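Provided herewith is a single structure, encoded as structure tokens, for subsequent inquiry.
The values are calculated or read from the model by the stated rules, or taken from the named source; none is laboratory data. The shown structure was predicted, so the numbers you read here are calculated from the model rather than taken from an experiment. All Cβ positions, even for glycine, are placed from backbone atoms using ideal geometry, and neighbour counts span all protein chains on display.
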Amino acid sequence: MKSERQAKILEIIASKEVETQEQLLLELRNAGFDTTQATISRDIKELRVVKELSPAGRYRYASNVQDPTGPVAERLHKIFRECVTSVDSAQNQVVIKTLPGLANAAGSAVDSMQLPSLLGSLAGDDTLLLILRDTASAAGLCAEIRSMLK
């Protein structure tokens, strides 16, 4: 329930200009989540949601995910292109094969992406295992990684 609620919070703040926790609480209740303001406050902290200035000049909640076009993304693409040899998915799992000794670097790069659908990662010497929330998320991430390798 917590992971579903937190995913919904990220979805709501990405699609609407939410200025207050009360607004967020109302949106969550309209989506079928019966929760409290205290719970939302904890979720905001865990998700590292921040307030940013909107184009309209008001503050709104926003995800604190790194800019996908900035230097972090460039480093991520470089790491993947240089060390990943293959990627495949099975149900909600993604297996990334790397050159020997580089699975931890690939795992660190994936962790830095702060994907809401990523439940965890486990790296060995040349294999990285990613566990995602569902099959669709795993297939999507697998496709995204493949596109980085081109």
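Mind counting the residues in region 78-95 that are under 16 Å from the mean Cα position of the chain (by Cα) and either among the charged types (D, E, K, R) or assigned to a loop (DSSP other than H, G, I, E, B) (or both)? Full working, then the answer.
Pass one, region 78-95, residues under 16 Å from the mean Cα position of the chain (by Cα): 92-94.
Next cut, either among the charged types (D, E, K, R) or assigned to a loop (DSSP other than H, G, I, E, B) (or both) only: 92.
Selection size over region 78-95: 1.
Can you tell me how many residues in region 32-64 are part of a strand (DSSP E or B) and touching a residue at least 12 places away in the same chain (Cβ under 8 Å)?
Of all residues in region 32-64, those part of a strand (DSSP E or B) come to 50-53, 59-62.
From what's left, touching a residue at least 12 places away in the same chain (Cβ under 8 Å): 50, 59-62.
Of the residues in that region, 5 qualify.
Report, ordered by the first and then the second residue, all pairs with beta carbons closer than 9 Å, sequence separation of six or more or different chains, a first member in region 1-30 that is small (Gly, Ala, Ser) and exposed (fewer than 14 other Cβ atoms within 10 Å of the Cβ), and a second member that is part of a loop (DSSP other than H, G, I, E, B) and at pLDDT 85 or above.
So the pair list comes out as Ser3/Arg133.
Taking region 96-150 as the region of interest, how many residues are touching a residue at least 60 places away in the same chain (Cβ under 8 Å) and part of a helix (DSSP H, G or I)?
Total meeting the criteria: 3.
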